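Here is the structure we will look at.
The values are calculated or read from the model by the stated rules, or taken from the named source; none is laboratory data. Just so it is clear, the structure is predicted and the values come from calculations on it, not from any experiment. Here the Cβ positions follow ideal geometry from the backbone for every residue, glycine too, while neighbour counts run over all protein chains shown. Heads up: the accessible areas ignore ligands, DNA and RNA and are worked out on the full protein's heavy atoms, side chains in. Shrake-Rupley method; radii C 1.70, N 1.55, O 1.52, S 1.80 Å.
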Amino acid sequence: MDLSYSAEEQAFRDDVRDFLTTKLPEDLRDKVRDGGELNKADMERWHAILNAQGWLAPNWPKSFGGAEWNAVQRHIFEEEAAAHHAPRIVPFGLSMLAPVLQKFGSQEQCDYWLPRILSGEDWWCQGYSEPGAGSDLASLKTTAVKDGDHYIVNGQKTWTTLGQHANMIFCLVRTDKDVKQQEGISFLLIDMDTPGVEVRPIVLLDGGAEVNEVWFTDVKVPVENLVGEENKGWTYAKYLLTHERTNIAGVGFSQAGLTRVRRIAKSEMSGGKPLIENPHFAARLAQVEIDLKAMATTNLRIVSKAAAGTAPGVESSMLKVKGTIIRQEINDLARRAAGAYAMPFASEALEGSNAGLPDPSGAGPVASQYFNNRKLSIFGGSNEIQRGIIAKVTMGG
Amino acid sequence: MNFDLTEERQMLQDTLRRFLRERYDTATRNKIIESASGMSDDIWGQLAELGVIGALFTEEQGGFGGAGFDLAVVFEELGRAGVVEPMLDTAVLAGGLVADLGDESQQALVEEVIGGAMQMAFAHGEPSSRYDLNRVQATAKAEGDEIVLNGHKAVVVNAEAAQMLVVSARESGNIGDTDGISLFVLPADTKGITIQGYALLAGGRAAEVMLDDVRLPASARLGAAGKAFDAIEARVAAASVAQCAETLGAMETATHLTKEYLGTRKQFGRPIGTFQALAHRMSDLLIEMEQARSAVINAAGHLESARGERERQVSAAKNLMGRAGRLVAEDSIQMHGGIAMTQEYELAHIAKRIVMADHRFGDTDHHLERYIALAAA
Ligand SMILES: Cc1cc2nc3c(=O)[nH]c(=O)nc-3n(C[C@H](O)[C@H](O)[C@H](O)COP(=O)(O)OP(=O)(O)OC[C@H]3O[C@@H](n4cnc5c(N)ncnc54)[C@H](O)[C@@H]3O)c2cc1C
Ligand SMILES: Cc1cc2nc3c(=O)[nH]c(=O)nc-3n(C[C@H](O)[C@H](O)[C@H](O)COP(=O)(O)OP(=O)(O)OC[C@H]3O[C@@H](n4cnc5c(N)ncnc54)[C@H](O)[C@@H]3O)c2cc1C
């Protein structure tokens with residue numbers, strides 16, 4: 001047992017810090033720090049900077065152009081990136097689709113799609129959920145019927161995050177209706193410019209339009225866009241979901257969030273003193289900090305086990321549950337800290353137009369973020385579903 | 001003991017509930033929220049006609065109610081429908097202060113408020129006062145026959161629509177003294193007032209109100225010079241009762257929607273309410289609803305009590321509603337899944353009303369500390 005980082009790990013952290021202080025554009029840093037919304041160009045700019053450094057794909061093997069970092073390195077990067085207010089990496093192509101292609105895709109598919117993910121030529125979105133298939137994903141109804149060298153796709157996906165920016169969507173589609181649900185699903189890559197694809201925005205409760213409905217009407221998809229074998233999509237999807245769940249603890253986000261809460265509470269006054277000196281508030285803050293410190297170590301324990309080659313199983317479900325509870329608690333603290341000034345409608349979505357709003361403690365859109373981040377315990381497998389997995393794995397049944 | 005509503009209050013509740021059910025659905029309300037004024041004059045006029053505003057004032061003041069339970073009945077219904085019109089600000093706070101303290105000529109305003117022709121706002125909180133009612137930094141200085149106001153009033157709800165403002169300012173003493181605070185009632189377009197408006201996350205609008213050498217005749221003062229604190233505290237108590245009842249109504253809607261959804265939404269081939277993980281959470285919410293209802297009854301029933309008892313009950317209710325409200329809002333969203341995150345679904349707005357109520361008149365922490373202090377006193 002040794003809780004200190006090795007000399008190489010420390011050196012790696014220094015490199016990361018150096019990179020972030022010199023290469024992260026100030027305007028992006030300020031936007032992230034103040035809770036502003038990043039637009040498509042912002043995200044693409046940051047991706048390009050990381051790509052030039054060779055750090056855009058930390059978990060890809062070197063052979064595919066990735067950094068092939070181990071779990072501790074990834075953890076260090078995540079922590080430093082959050083502390084420096086770097087934008088998060090848009091995960092759909094880089095950390096969701098790519099691992100599936102690398103494991104189950106053909107050589108041609110890897111050669112064609114992976115470089116385009118790195119270069120930013122393609123923007124991917126995830127087409128899993130449907131109106132009737134949320135937690136029960138396997139009940140999905142969107143169909144793909146083979147017709148010569150094409151599939152004809154019909155149906156509807158929903159909750160598609162950042163689908164408005166995407167030109168490609170990876171979808172789970174039903175290719176066989178006559179077998180057990182899980183055994184009739186295929187994994188298909190669909191060009192969103194194909195006739196018959198329609199994207200409609202969904203406005204969320206904070207006023208933001210980050211998710212969409214995607215409709216498919218007789219959409220022709222070349223058979224080369226099938227990943228792996230027909231009707232094996234469920235296996236690939238589950239593989240992808242475990243990748244979606246690594247990093248799910250969001251330790252870096254929580255650390256950055258706590259820093260922000262402290263900053264707000266130092267300038268917000270209560271009874272003539274900074275709020276941070278109020279014993280009740282200080283107790284709430286300390287409580288979350290204690291939880292976060294423990295979770296950061298849990299996270300490291302699990303990622304180093306993963307580094308040793310053991311795939312994270314039930315532990316990733318545990319991290320998802322605890323990590324989201326902590327992040328949501330921090331969002332709650334930030335909103336609480338801002339007092340009456342949490343009330344103005346400062347939406348992340350109203351990019352640039354928050355300037356006129358009063359905000360004496362520099363809180364930014366804390367209440368909007370509090371509501372928006374209720375999603376953390378719903379998506380990527382809801383916390384109830386995760387608890388079900390933990391129970392099933394540890395107790396059977 | 002009798003926990004039934006009087007016949008008059010029952011009638012008011014029925015009428016108001018029916019009116020809002022028929023006239024204030026999600027789509028209508030969301031359009032109102034997005035409109036420039038953030039409120040509907042039409043709805044306001046009809047609420048006045050139904051006697052809803054009159055129910056918030058005593059007979060002496062020209063109304064036909066005004067007790068804690070009258071406020072509770074009205075605001076529970078407003079909360080149930082997620083009403084964003086500024087009833088709290090115009091009638092309970094600003095209008096109420098004029099009714100409590102005004103001389104005969106000032107009282108004429110109350111009649112206009114009850115009739116629905118007058119919008120008002122109470123400009124009291126300041127950027128560094130947080131939830132303390134006594135931390136008034138804005139100043140009022142006598143200059144000859146005139147009074148000159150200077151200061152910055154923060155997040156003044158309904159300031160843009162208000163024709164008349166009730167403004168607090170200090171005539172003597174230091175920030176934090178209860179003594180020395182005065183109230184003034186003045187037209188919102190008085191020279192020297194700047195109003196910087198913005199929309200609120202949970203609907204409605206507020207503004208920063210800047211007072212820059214605002215000159216008033218001494219007749220604009222409400223009540224005695226420097227002695228307004230007790231009246232402010234009592235009015236904020238009434239507003240807190242109203243707001244707690246409003247939150248209770250909103251929580252009723254949230255739990256109702258959630259219960260319905262658990263029965264109809266199917267995943268894995270069965271209604272999601274049949275999963276015990278959700279059924280038990282729903283049960284917990286229903287238990288908290290009973291607690292919340294009782295907290296509102298306790299506070300409403302003590303609004304006419306002596307100051308110490310009244311304030312303890314109010315702080316108890318605000319503390320409990322802050323906690324129960326957060327639980328109901330968050331768990332209702334969680335049990336719905338993604339659908340509750342969408343603006344066009346009723347719960348989205350209702351959850352915002354519930355949670356953001358904790359940012360007015362003191363949050364759950366503020367009232368816990370205050371309850372301890374009051375209990376020790
Ligand atoms: C902001 C946001 C972004 C999203 N982005 C994407 C995306 O990019 N791509 C994509 O494909 N999907 C996306 N999703 C969809 C997300 O994965 C689903 O919302 C999630 O799977 C839950 O499904 P649902 O919303 O239909 O809720 P439901 O599955 O209907 O769940 C409702 C409630 O029932 C509970 N429940 C369900 N089954 C059980 C059970 N067996 N036991 C106990 N409780 C249960 C759930 O936990 C929840 O509380 C996104 C969702 C949101 C909110
Ligand atoms: C001090 C004491 C006094 C008592 N007095 C009386 C008495 O006067 N008369 C009398 O008849 N009995 C009495 N009881 C017995 C009492 O009613 C039982 O203990 C009780 O019904 C629980 O049964 P059990 O102990 O067999 O636990 P179990 O029923 O085996 O329960 C074990 C655990 O499983 C949980 N559980 C069980 N079923 C479910 C389910 N469907 N869903 C979720 N969770 C579940 C329980 O909540 C508990 O946590 C008494 C018990 C105690 C401890």
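Descriptive notes on the structure:
- When region A:358-383 is filtered for residues that are of a type in the set (S, T, N, Q) and more than 9 Å from ligand 1 (Cβ to nearest atom), the ones remaining, listed by number, are A:Ser361, A:Ser368, A:Gln369, A:Asn373.
- Test for A:Lys157: is it closer than 30 Å to B:Tyr261 by Cβ, among the basic types (Lys, Arg), open to solvent by 40 Å² or more (accessible area, probe 1.4 Å) and within 14 Å of another protein chain (Cβ to nearest Cβ): no
- Hits in region B:312-369 (condition: within 16 Å of ligand 1 (Cβ to nearest atom) and not in a helix (DSSP H, G or I)): B:Thr342, B:Gln343, B:Glu344, B:Tyr345
- Selected residue (criterion: nearest to B:Met341 (Cα to Cα)) from residues of region A:384-396 that are near ligand 1 (Cβ under 7 Å from one of its atoms) and either facing chain B (nearest Cβ under 8 Å) or among the small types (Gly, Ala, Ser) (or both): A:Glu384
- For region B:180-221, a residue qualifies if it is within 14 Å of chain A (Cβ to nearest Cβ) and open to solvent by 50 Å² or more (accessible area, probe 1.4 Å), and the qualifying residues are B:Thr194, B:Ile195, B:Gln196, B:Arg205, B:Met210.
- Contacts under 7 angstrom Cβ, first residue in region A:287-312 being modelled with pLDDT under 80, partner in a loop (DSSP other than H, G, I, E, B), 6 or more apart: A:Ala306/A:Pro312; A:Ala307/A:Asn70; A:Pro312/A:Thr246
- In region A:128-140, the residues that are at the interface with chain B (Cβ under 9 Å from one of its Cβ atoms) and closer than 14 Å to A:Leu240 by Cβ form Cβ pairs under 9 Å with partners that are assigned to a loop (DSSP other than H, G, I, E, B) and of a type in the set (A, V, I, L, M), at six or more places apart or across chains, as follows: A:Ser129/A:Leu140.
- Scanning region A:271-286 for residues that are without any contact (Cβ under 8 Å) to a residue 24 or more places away in the chain and either among the charged types (D, E, K, R) or open to solvent by less than 60 Å² (accessible area, probe 1.4 Å) (or both) yields a total of 11.
- Condition met for A:Arg336 (assigned to a helix (DSSP H, G or I), modelled with pLDDT of 95 or more, surrounded by 23 or more Cβ atoms within 10 Å (Cβ to Cβ) and of a type in the set (Lys, Arg)): yes
- Residue that is most open to solvent (accessible area, probe 1.4 Å), among those in region A:114-137 that are under 20 Å from A:Thr161 (Cα atoms) and away from ligand 1 (no atom under 12 Å from the Cβ): A:Glu121
- B:Leu368, sole failed condition from (1) at the interface with another protein chain (Cβ under 9 Å from one of its Cβ atoms); (2) open to solvent by 10 Å² or more (accessible area, probe 1.4 Å); (3) under 30 Å from A:Glu130 (Cβ atoms): (3)
- Residue in region B:287-308 that is within 16 Å of ligand 1 (Cβ to nearest atom) and either open to solvent by less than 50 Å² (accessible area, probe 1.4 Å) or more than 19 Å from the chain's Cα centre (by Cα) (or both) present: no
- Residue match in region A:48-56 (condition: under 16 Å from the mean Cα position of the chain (by Cα) and away from chain B (no Cβ under 14 Å)): yes
- Among the conditions (1) hydrophobic (A, V, I, L, M, F, W, C); (2) open to solvent by 10 Å² or more (accessible area, probe 1.4 Å); (3) in contact with a strand residue (DSSP E or B) (Cβ under 6 Å, 6 or more places away or on another chain); (4) in the same structural domain as A:Lys40 (by TED's automatic domain parsing), A:Val145 misses just one, which is (4).
- Checked against (1) open to solvent by 60 Å² or more (accessible area, probe 1.4 Å); (2) away from chain B (no Cβ under 14 Å); (3) among the basic types (Lys, Arg), A:Arg260 passes all but a single condition, namely (1).
- Any hit, region A:204-219, residues being on the phi > 0 side of the Ramachandran plot and within 14 Å of ligand 1 (Cβ to nearest atom): yes
- Residue list for region B:309-356, restricted to those being farther than 23 Å from B:Asp284 by Cβ and open to solvent by 30 Å² or more (accessible area, probe 1.4 Å): B:Glu309, B:Arg312, B:Gln313, B:Gln343, B:Glu344
- In this structure, A:Ile49 does not satisfy being open to solvent by less than 20 Å² (accessible area, probe 1.4 Å), modelled with pLDDT of 95 or more, outside the structural domain of A:Ser186 (by TED's automatic domain parsing) and among the β-branched types (Val, Ile, Thr).
- Within region B:222-270, the only residue that satisfies the criterion of being within 16 Å of ligand 1 (Cβ to nearest atom), open to solvent by 30 Å² or more (accessible area, probe 1.4 Å) and of a type in the set (A, V, I, L, M) is B:Leu257.
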